[in-house]
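Below is one structure, written out as structure tokens; the observations come after it.
The values are calculated or read from the model by the stated rules, or taken from the named source; none is laboratory data. Model, not experiment: these values are computed from the prediction. All Cβ positions, even for glycine, are placed from backbone atoms using ideal geometry, and neighbour counts span all protein chains on display.
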Amino acid sequence: MDQEIPIGVTGAQRPELEFTPARELPPPACTYTVSARQKSAEVPVFAYLRQQYGNLPLREIESLFGFVERSTLYGGRFFTQRELSDRDVYQLNNAGIGIRIPFSNHQVSRQEYEANRALLEKYHRNLNSIICTQDDLARWLRADFPAYRLDASVIKNLNTHAKIDEALERYDSVVLPMHLNHDLAFLERIEHKDRITLFANAGCAFTCPSKICYAAISKMNKFTGEPFACSQDSKQREIIGMVDFDLTPLIQLGFRQFKLLRSRPGGLTGF
């Protein structure tokens, strides 16, 4: 039998299942990079995975993305606390799971890059990735830290085949905008599907008309007191919770890498 036990379900709890050694299992149909959003660094990482992603077999989790130490290079979300501790990173890497550091700030100077060199060196190993929006940062990382996998952030909004092809010349993987999950004709024409990451679920960015928060959060992560900005008033913003995509047609097209977000308490993603 090639059944797998999701995280948090032990053989003692399910004694009727027989186990096949992992080396005999076929490769998973797809793998996930999962969010460490709002995880406290005090919470052990495998306890967090059992709690938040207990329905996923561990071997399908390719990486976790989240904050390590404080830095001015973060984008996407405002840095409030460290989410992945040194112990978390060690345990993940020891289990063959990488981390993705979201250095997806819109603006990165060479001076900032140099100031973060020690942090970059600390996590520089083959399993780990850097998520980038700024192409200069990607170029510097490729030259100085070649072991990192470089991901083109969804913030780059790569929504044409020409943009995707251009990004794949610089990045190892490209994360596509959420709305493209519904354009199967567009996705089918992508040549290097093995280097594309699609979203498995979506939050407020899926329905946002302009996504001005990304640029605002990049400014906030310089820690100079910049205010948050959103395209919609909080009283008018549609909060529809998490939207789960049907992955079957995407897998049938040949896509194998998916990004899985963690919802806010109560299943909502709006601020």
Only one of (1) in a loop (DSSP other than H, G, I, E, B); (2) polar (S, T, N, Q); (3) modelled with pLDDT of 95 or more does not apply to THR224, and that is (3)
Exactly one of (1) assigned to a helix (DSSP H, G or I); (2) at pLDDT below 95 is unmet by ALA229. Its number?
-> (1)
Among (1) over 27 Å from VAL243 (Cα atoms); (2) small (Gly, Ala, Ser); (3) surrounded by 18 or more Cβ atoms within 10 Å (Cβ to Cβ), SER153 falls short only on (1)
Confirm whether GLU166 is without any contact (Cβ under 8 Å) to a residue 24 or more places away in the chain and either acidic (Asp, Glu) or not in a loop (DSSP other than H, G, I, E, B) (or both).
-> yes
Applying the selection to the stretch 64-86, what residues are outside any loop (DSSP other than H, G, I, E, B) and in contact with a helix residue (DSSP H, G or I) (Cβ under 8 Å, 6 or more places away or on another chain)?
-> LEU64
Kindly check whether there is at least one residue in the stretch 173-181 that is surrounded by 18 or more Cβ atoms within 10 Å (Cβ to Cβ) and touching a Cys at 6+ places or on another chain (Cβ under 9 Å).
-> no
Answer yes or no as to whether ILE131 is under 16 Å from THR33 (Cα atoms), within 17 Å of the chain's Cα centre (by Cα) and without any contact (Cβ under 8 Å) to a residue 60 or more places away in the chain.
-> no
Which listed residue is in contact with a helix residue (DSSP H, G or I) (Cβ under 7 Å, 6 or more places away or on another chain) and assigned to a strand (DSSP E or B), from LEU150, LEU187, LEU158, LEU180 | LEU150
Of residues in the stretch 87-132 being surrounded by 13 or more Cβ atoms within 10 Å (Cβ to Cβ) and among the acidic types (Asp, Glu), the one farthest from GLY66 (Cα to Cα) | GLU112
